[in-house]
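This report concerns only the one structure given below.
Every number here is computed from the coordinates shown, using simple stated rules; none is lab data. Because the structure is a prediction, the values reported are computed rather than measured. Cβ atoms come from the backbone with ideal geometry, glycine included; neighbour counts cover every protein chain shown.
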Amino acid sequence: MPFRSVEDRKEYMKRYMQLPHAKEANKKRSLNNYYKDKESWKERVKRRKKEIRQIVMKHYGGKCKCCGESKDEFLTIDHINGDGAEHKRKIGLKRCGNRFYQWIVKNNFPSDLRILCWNCNCSLGFRGYCPHGNIKKGEKATNKSLPLFEMPV
Ligand SMILES: [Zn+2]
Ligand SMILES: [Zn+2]
């Protein structure tokens with residue numbers, strides 16, 4: 001169909017897109033793209049997250065310092081000084097989120113962190129001791145136990 005001007009063409013397309021079948025096809029197309037992109041993007045992020053967590057876990061020995069649990073799903077990073085929640089609040093990170101792992105790498109693996117499994121960590125956190133008896137809560141953080149924080153990019 002010949003158009004006299006760009007405006008004419010635009011107008012035609014606008015009207016065409018209002019037709020039910022065109023609308024439907026367009027919606028389907030963009031949805032397909034959305035899901036395709038979203039999937040691969042999600043996969044990429046997931047892989048990257050896993051990698052950085054593995055780097056951190058490997059550095060700290062890959063198992064619970066108390067009971068020796070080594071299944072990754074059970075492991076978490078603990079602050080030896082027991083001021084983890086406070087520290088994370090200060091630097092604006094979610095507990096055990098990926099940004100925390102990024103932060104650890106960026107700050108050259110601070111030596112006052114360790115790996116604990118959820119069991120040992122929770123027991124220590126809620127009761128102040130772990131029944132395994134292999135760890136105890138560290139001294140309260142002294143004036144300078146953690147390096148200055150820089151927001152990861
Ligand atoms: Zn444990
Ligand atoms: Zn324990």
Please list 3J(HN,Hα) in residue order for region 17-32, calculated via the Karplus relation 6.51 cos²θ - 1.76 cosθ + 1.60 where θ = phi - 60°; whole Hz, with x for glycine and proline. 5, 7, 5, x, 5, 5, 4, 4, 4, 5, 4, 4, 4, 5, 5, 4
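A 32 angstrom limit on the alpha carbon distance is what I want to check against. Which of 36/65; 42/71; 23/50; 49/137; 106/137 exceed it? Intermediate values should be presented prior to the final figure.
Numbers: 36/65 42 Å; 42/71 24 Å; 23/50 40 Å; 49/137 29 Å; 106/137 26 Å.
Table pairs above 32 Å Cα-Cα are 36/65; 23/50.
Computed over the Cα atoms, what is the radius of gyration of region 1-59 divided by 2.2 N^0.38 Å, N being its residue count? Numbers along the way, then the final one.
Details: Rg = 21.9 Å, N = 59, 2.2 N^0.38 = 10.4 Å.
Ratio of Cα Rg to 2.2 N^0.38 Å: 2.11.
Residues with beta-carbon under 13 Å from that of residue 13, excluding residue 13: net charge, scoring Lys, Arg +1 and Asp, Glu -1? Before the final figure, lay out the partial values.
Values: positive: 9, 10, 14, 15, 23; negative: 7, 8, 11.
Overall, the nearby charge balance is +2.
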Under a point spin-label approximation (7 Å from Cα along Cα-to-Cβ), what is the residue 73-residue 17 distance to one decimal in nm? 4.7 nm
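Once fully extended, how much extra length lies between residue 35 and residue 111, figured as 0.36 nm per residue of separation less the alpha-carbon to alpha-carbon distance? Present the calculation step by step, with values, prior to reporting the outcome.
Values: separation 76, 0.36 × 76 = 27.36 nm, distance 4.20 nm.
Here the segment from residue 35 to residue 111 would lengthen by 23.2 nm.
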Taking the Cα-to-Cβ direction at residue 10 and at residue 47 and moving 7 Å from each Cα, how far apart do the two end points lie in nm? 4.2 nm
Phi angles of region 125-131, converted by Karplus (6.51 cos²θ - 1.76 cosθ + 1.60, θ = phi - 60°) into ³J(HN,Hα) in whole Hz with x for Gly and Pro, give x, 8, 10, x, 7, 10, x
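Just how large is the dipole of region 1-59 about the Cα centre, in debye to the nearest 20, putting +1 at every Lys and Arg Cβ and -1 at every Asp and Glu Cβ? Intermediate values should be presented prior to the final figure.
Details: 20 positive and 8 negative charges, 103 e Å.
Dipole about the Cα centre, nearest 20: 500 debye.
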